[in-house]
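Structure, as structure tokens:
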Amino acid sequence: MNRRLTSVTRLAATALLVGIAVMACGKPNDAAGGRPAGPTPTVQQSQADPAAATLAPTPMDAATESAAPSDAPTNSAAATAAGAGAGDPLDAQLSNLDNLLNGINGSLSGSDTSGGE
Amino acid sequence: MKTRIPALLAGLALGGALLLSTVGAAAAVTPPVGPAGQGVCATQAAAMKTGATVETARAFGDCEINRRFTTLDAMSARVSASKVLTSSDAAALQSEIASTKTGLTSLKATIDFETSLLALKVDIAKIATDYRVYLLVAPQVNFVSAADGVVAAQTRFADVNTKLAARIAAAKAAGKNTTAAQTALDAMNAAVAKAVGLAQPLPAKLLPLTPAQYNSGTAGPILTSARTALGQARDQLKAAMASAKACRAALK
């Protein structure tokens, strides 16, 4: 009886741990889940038309564009850089500009193919 | 020990089920933003090739229109989310996306009611030629976004300039040689000015382009030169970044 109780306890503990891990993994998706629901994906990314594939938010749209006009960085990359720079606001600004450049690159490389037209 | 293994397996199974249900739920609420690619309609294209009937042609046409809807929706979302696009450029792009969707919706209705295979083939050709979603609209969104991004960078470089100029002044006041730092700062400002000069005129050239202009061959060269100018502008901004870093390094 004791053995059975022990195994049931372990089962419950294992399930709880896995559940916690799963919840932790699910968090970033929850954040993204705020986006409006769209059509179910019908192709793998590799099949997707490259011109269109880059229409997904680029760093310029998603990160740098959201930078506040002040020196305070609002994206994680800039925040990391600012942290590493130990208070030099130029680090954050240059990091934001780097992200902006990446976004421009993304926009430029997003128009290389025709998507079949 | 005998009781441990089943308990462990049961725990893992339960955990796995939890994991799968969570992943499934996440996938259900977070569809990829990436639009449908060319391969999406491969099945319909093959069916039409092997046996061209009204049904297979209609299925292919509908599929091609639907994947353009997906692309247009993704572009619209990107324009809405953009913080570098000027409000007028964003409005112009949204207007173009909306009118393209309206036109394709109308064409889809025509295709859905068409009973002649020959007429269907003509309608299907119009999906590309009358709207140019991938050859014109997508580059317009991308290039105008890039051009406005370059212009937006100007404001940020102006802030960098202010800070570096203040540091140069402080260093000079402290009796340090600031020649190298000033040279680098001047180079930064010159590169930014060049980049902006290249990018700023582009939206006005790109936004009025129409599918008819693309078909007649007049839009293509404008798109090509815009891409070239934006590549040069990007390189200028990269050089400006390098100069900003050089200036800061010279002051240390």
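So the values come out like this:
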{"read-out": "B:A212 vs. criteria away from every other protein chain (no Cβ under 13 Å), among the aliphatic types (A, V, I, L, M) and either free of Cβ contacts under 8 Å to residues at least 12 places away in the same chain or out of contact with any helix residue (DSSP H, G or I) (no Cβ under 9 Å at 6 or more places or on another chain) (or both)", "value": "yes"}
{"read-out": "Test: residue in the stretch B:143-161 that is among the basic types (K, R), surrounded by 16 or more Cβ atoms within 10 Å (Cβ to Cβ) and part of a helix (DSSP H, G or I)", "value": "yes"}
{"read-out": "Which listed residue is assigned to a helix (DSSP H, G or I), within 11 Å of chain A (Cβ to nearest Cβ) and surrounded by fewer than 24 Cβ atoms within 10 Å (Cβ to Cβ), from B:A128, B:A181, B:A171, B:A109", "value": "B:A128"}
{"read-out": "Criterion: modelled with pLDDT of 95 or more, touching a helix residue (DSSP H, G or I) at 6+ places or on another chain (Cβ under 8 Å), assigned to a helix (DSSP H, G or I) and loosely packed, with under 15 Cβ neighbours inside 10 Å - qualifying residue of B:S80, B:S88", "value": "B:S80"}
{"read-out": "Qualifying residue in the stretch B:106-123 (condition: among the aliphatic types (A, V, I, L, M), at pLDDT 95 or above, under 26 Å from the mean Cα position of the chain (by Cα) and closer than 29 Å to B:V54 by Cα)", "value": "yes"}
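The values are calculated or read from the model by the stated rules, or taken from the named source; none is laboratory data. Computed from a prediction, not measured in an experiment: that's the story for all the values here. A quick note on method: Cβ atoms are made from the backbone with ideal geometry, for glycine too, and the neighbour counts reach across all protein chains shown.
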